[in-house]
Amino acid sequence: KKPIHLVLKSTDKYLFKPGNKSLNALIKKEAKKFNISIYDLALNWSHVHILIKINSRADYVKFIRSLTAII
């Protein structure tokens, strides 16, 4: 019912480069596919902060698996 603060971290220092529009669009596309609402998204070089709202746990699991596999 409440938004979730999600942080994805990478060992690559430059994976989540701020201003990367293609990665930003990819995250939003995957969220839309699994019915996840994104309130805020911040790319920060080695990690990304995403404020999301989920409708079901199953959708969240599918979203995370898909997103991390693509990244």
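The values are calculated or read from the model by the stated rules, or taken from the named source; none is laboratory data. Note that the structure is predicted; figures quoted are calculated from it, not measured. All Cβ positions, even for glycine, are placed from backbone atoms using ideal geometry, and neighbour counts span all protein chains on display. All accessible areas refer to the heavy atoms of the entire protein, side chains included, with ligands and DNA or RNA removed. Shrake-Rupley method; radii C 1.70, N 1.55, O 1.52, S 1.80 Å.
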May I ask you to list pairs of residues, at least six apart or on different chains, whose Cβ atoms are under 9 Å apart, with the first in the stretch 1-29 being at pLDDT below 90 and the second being hydroxyl-bearing (Ser, Thr, Tyr) and open to solvent by less than 90 Å² (accessible area, probe 1.4 Å)?
Ser10/Ser46; Thr11/Ser46; Asp12/Ser46; Lys13/Ser46; Tyr14/Ser46; Leu15/Ser46; Phe16/Ser10; Phe16/Ser46
For the stretch 4-16, which residues satisfy the criterion of being open to solvent by 50 Å² or more (accessible area, probe 1.4 Å), within 24 Å of Arg57 (Cα to Cα) and out of contact with any helix residue (DSSP H, G or I) (no Cβ under 9 Å at 6 or more places or on another chain)?
His5, Val7, Lys9
Quickly run through the stretch 17-54 and pick out the residues that are more than 11 Å from the chain's Cα centre (by Cα), within 16 Å of Ile70 (Cα to Cα) and surrounded by 14 or more Cβ atoms within 10 Å (Cβ to Cβ).
Asn20, Phe34
Looking at the stretch 55-66, which of its residues are over 21 Å from Lys2 (Cβ atoms) and open to solvent by less than 60 Å² (accessible area, probe 1.4 Å)?
Ser66
